[in-house]
Structures are given as C-alpha cells and as structure tokens.
1. Against the 2.2 N^0.38 Å scaling, with N counting residues, where does chain A land? I'd like the Cα-based Rg ratio to two decimal places.
2. Indicate the gyration tensor shape class of region A:249-306 (rounded, prolate or oblate), computed on the Cα atoms with a ≥ b ≥ c the square roots of the eigenvalues: a/c under 1.5 is rounded; otherwise a/b larger than b/c is prolate and the rest oblate.
3. Which order do peptides B:148-156, B:171-179, A:181-189 fall in by mean Cβ count within 10 Å, highest first?
4. Is region A:110-161 rounded, prolate or oblate when judged by the Cα gyration tensor, a ≥ b ≥ c being the square roots of its eigenvalues, rounded requiring a/c under 1.5 and prolate requiring a/b larger than b/c?
5. Compare B:241, B:104, B:79 in a GNM of chain B, Cα atoms joined below 10 Å, and give the one with the largest fluctuation.
6. Report, by chain and number, residues whose modeled amide H sits under 5 Å from the one on residue B:3, excluding near sequence neighbours (fewer than 5 apart, same chain).
7. If I model a spin label at residue A:272 and residue B:275 as a point 7 Å from the Cα along the Cα→Cβ vector, what separation in nanometres do I get?
8. What is the Cα radius of gyration of region A:1-105 over 2.2 N^0.38 Å, N being its residue count?
2 protein chains.
Amino acid sequence: MSQKVGLVGIGKIARDQHIPAIAGSEEFELAATASRNAGVDGVAGYGSLAELLEAEPDVGCISLCTPPQVRYADARAALEAGRHVMLEKPPGATLSEVHDLQALAAHKGVTLFASWHSRMAAAVLPARAWLSQRDVTAIRVSWREDVRQWHPGQDWVWQAGGLGVFDPGINALSVLTAIMPRAIHLAEATLDFPENRDTPVAADLTFRDPLGAEVTARFDWLHEGPPEWDIHIEAGESALLSHGGARFSVAGEEIAGGEDREYPGLYARFAELIAAGESEVDLSPLTHVADAFTLGQRRRAAPFHW
Amino acid sequence: MSQKVGLVGIGKIARDQHIPAIAGSEEFELAATASRNAGVDGVAGYGSLAELLEAEPDVGCISLCTPPQVRYADARAALEAGRHVMLEKPPGATLSEVHDLQALAAHKGVTLFASWHSRMAAAVLPARAWLSQRDVTAIRVSWREDVRQWHPGQDWVWQAGGLGVFDPGINALSVLTAIMPRAIHLAEATLDFPENRDTPVAADLTFRDPLGAEVTARFDWLHEGPPEWDIHIEAGESALLSHGGARFSVAGEEIAGGEDREYPGLYARFAELIAAGESEVDLSPLTHVADAFTLGQRRRAAPFHW
C-alpha cells in the first residue's frame, strides 16, 4: 500500500529527481505539492506547506527540496504536524537546527531522514566493502563541475548558507564518509571566495587520519566540460570510485557499477525507516563542511557572474 | 589524595589561571609541564608532551592549554597513553576531531573533559535557575573587549582555526547555552574579517528560538576600555548577567554574584568526572561557532595590526 507524500519546493532537483523517483516507487504516491510558483499537473498544489498540512491531513510524509537556508521552518512545521520528513542534502543551513529537528522528531515519534543521494550511487557499497578489507594509505577526492551547468541561475548557492562549491562537495564528503573504514577529520583547508559572492567557488581540504592515510579533497566549480566526480584510492592496489560513486574500478578494471538509482534508493530507504519507526540523521558530511568554513583559510577569487 | 597533573602549553592562560588553580586545589598537584620554551620553577619540565608521557608514567591527568590548532595531536597522545584529559576552550579546531577524541576516551576508559570556564562563573547557575522558571522573550548578548589587552601579541588567534573574535565569543555562547532553558540555533550571521587576517574581528548573530524569543549576540574585539561581557535578558522582568557571568541582577538589583572561581571550579569538576569514571563533552558552543562560519555573511574590515 502506497503512502501519500507531499513534495515541497518544485525546482530543478524536484523535477529532475524527486518526481520521477516517486512516480516509479511502489511505496509512495505524490499526493500534493507546495511551492511558491510552480506545481505538478494533476497533483493538488498549495502555495505554502502550511496550507498543504492544513488541507491534507492524509499526507503522512513530507519531502523537502527547498534550499537549505529556508528548510528548517518547513521541516519543523511538518514534524509538529506529526508527518514523517525527508530532507534533501544538505539537511540544513546549520548543524544546530538539525539537532533541533532530530529532537523534535524523536519527541513526536515520527521519522526524520536526512538523505545523502550520492551514498545511493551504484558502486558506493561495493567500494566500502573493498576498503573494509584493506589498509588504505591514500585517498584523493577530485570533485570538479561547472556551476553554470549544474546550478543554472540558482542564486541561493552563492548566498550565505548556500555552501557554494560545498553544495556538490558535500556529495563527495557523503561518499567519503560512507566508504572510509574509520572517522577522519579536517586538518587544513583553503577556501576561494569570489569577491562578489558569499560562498566559495573552490576549496582544498587536507584531512588527518588517526591511522596515517593521506586524505585530500579538491572541489572546483569552474571546471568546464564533463564533470569529474572521482575518488582515487590507494590500498595496496590503486582503485577509482568515479562518476559520483556509480562506478568502481581496481587496477583499471571495473568491478562494480550500475545505472543511476540514487533517488529511488532514497525513497526506498525512507519507506524502510518509516516502517521501522526509526530516524536516520548522519551529520558527518555537514560537520566536515562546517569544520572547513571554521578552520579554512579564505582567499579572494575573481568575481563570479552567471 | 591529590592526583598528579601534567600541564601542556605554558603561556598566558596557564600562568594566569591553570597554575594558580592547581596550586589551590586539594585534588591535583602540578607534577610536570610540557612546553617548547617555558617551564615552571620546581616542576619537572619537558620540551614535548611525548617526552612527558614517556618519563612520567605516574602523571595520570593531562591538562591542555595549547592553541586549538595544535591541541588534537596532544590530546590523542595523552588518551592513547591512558591518561585523563582536560581541554581548554575551544576543545579543538574542528568538531570532527573532538568527536574522534570522545570515541577514543570511551575506548580507553578514561575521562575527557571539554572545559568551558565561563560556565563556572559565580552567577551562571543562579541565572539558569531564574530563567528556568520564566518565559524568556528576548536575550541580547554583548561581548566586547580589546584584543590587544586580552590576547597581546598572540598571533594564533588571527590564524585560520584560531576563531578570532569567537575566541572570547565562545565564552558568551558557553554561558548562553548553559542558561537557556531550550536549544536555539543560528538563523543569520555577519562576520567582519580584517583584510590581512584569517579570522573575524567582529560578528553579529541572530538566533532562532523555537518558542519565539528574540536572541541576538554582538561580538566586538576592538572595544577599548573595560570589557563588556553582558547578557541582557527579558523575561517579564529585565535581568542582566554581567562581568562574564559573575554577577546577576534583576530589575537593577544584584541577586547573585561572587569572586572569580572559574578555574578552581573546572579542576574540581575534572576531579569529579575522574572519580565517577565519566567524560563531559558539550559541543554546543563550538557548534554555534561552526554554524556562524558556515552560514555567516563575510564582510571585509580594516586591516588589523597589533
């Protein structure tokens, strides 16, 4: 039996990913949307989440894909109304607000799912299993893409709280933290801020691993041409987790891979959590981002214009 | 019976606070120091913590007052060597590294105490008790001091990871989070970075309170004259927690206050935790700081010179 889900924030990610994933899901049906200036044909549309919650008491699940700067108020309202909530990544603009939502979800007895879509990429679990059997000595993350292609005209990414290049970079960190056999933490960072923007366009991170592996990451948002979403691994053999986690090769030979099922995977996980009466909120990717902003050296970069 | 403590980092805060507090403590005796270029007369001095740990197996407790950027490696080494550890504030340069230390302390079965000295100020507990009985509607934190007086020549405060004005500001946040009856979180922030420095010299913070109180904070490091370490509270009556938490007045009348016993209070708490076999690591003040760096709008300010 499928559950009714309300989708909040009908923008690029909703149309590209959430709506098709819900349409293909046996667990959910899209019953309502809330968005200031867009809707979905054939689905009840509201101008705000408050209106949706009031008018649709049977919509038991709310999926939020609004920008992180405004997500908290909606998440809180949905939890207060006793609905299960799934959050797009990053789960909020601050760590503290997500702690607050966690406490509220526990208090209300509903599910809160802070989703990390890249962790659902086809080769992430195989890579994790491979790494768990080996001594990793080095990891080099290279996450380069063209902001003009992937966030066309989306000014919120450049506004304070929009994370800038950490918006894609947090995908890399969600994969890195999923495949690493142990916790690492940031030791040094450099962040390049365009002089007319509030968030960085590039970042270099150096992590400290208690067991001594060299772990670095380079995020670049001005990379033209096809994106490079790669994690290079040294662990006796050389391995590469590429295409954002979709393909895994060892010594040049592909040993795992598959089609893109990230968002279907997220909704399946959301359904599992609801059925089990559990929440899943892993803040480690956002914590690394907050650490980078806190610890990082700021450099001024050329102004950015669309 | 007093326990032997080793003090790491013999700088201003060690001489001003830790050494007198240990000298006046019945629970601890200063048995050794580690510092690159200073020692304490009559106490075994080592050039590094590694040497101290090797030479002094009976020193069961280590207190770290080195700058946050270098504290992790020492904390890890001390915990690995099975010693109890007390951390000056802030407990680290990143949240993730403190999570790592927490896990290590639990694994080794020793105490980790992330200290917040301002929480030990004489009027903090009375203010907390007063607030817990009332509906707070507004809190305005004003934390202004002269960096040249309180951190003379300490360049680490201006280096990435040194937190800048959040070094004193985190004291305010440690008090705010101790007296507030509920969790709040940052909604907006503005950070002023001197153009020749990596950390901010001033900050304005606006918090969101789930119950609607207006909570703001202003940190200023170029305030000349006597410091202003005040928290103004509206809760039916007007109250003021001033002098960094040492005095509390309601409607202009002082109802709590006392002499400065912050560091003696910390060492007493460290002893309690060791006796109970517990750790105490509340990261909420550092989380608010990380949130401010992540969410905050950056403004350029005039260069800072000592």
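1. Details: Rg = 19.3 Å, N = 306, 2.2 N^0.38 = 19.4 Å.
Rg over 2.2 N^0.38 Å, computed on Cα atoms: 1.00.
2. Oblate.
3. Working: B:148-156: 13.9, B:171-179: 24.0, A:181-189: 19.7.
In descending order of packing, they fall as B:171-179, A:181-189, B:148-156.
4. On the way: a/c = 2.67, a/b = 1.57, b/c = 1.70.
Note, shape of region A:110-161 comes out oblate.
5. B:104
6. Under 5 Å from the amide H of residue B:3 lie the amide H atoms of B:28, B:29, each far enough along the sequence or on another chain.
7. If labels sit at residue A:272 and residue B:275, their model points lie 4.7 nm apart.
8. So the Cα radius of gyration is 0.99 times the expected 2.2 N^0.38 Å.
FYI, it's all coordinate maths here, none of it is from the lab. The structure displayed is predicted, hence computed values, not measured ones. Note: ideal-geometry Cβ built from the backbone for every residue, glycine included; neighbour counts use all protein chains shown.
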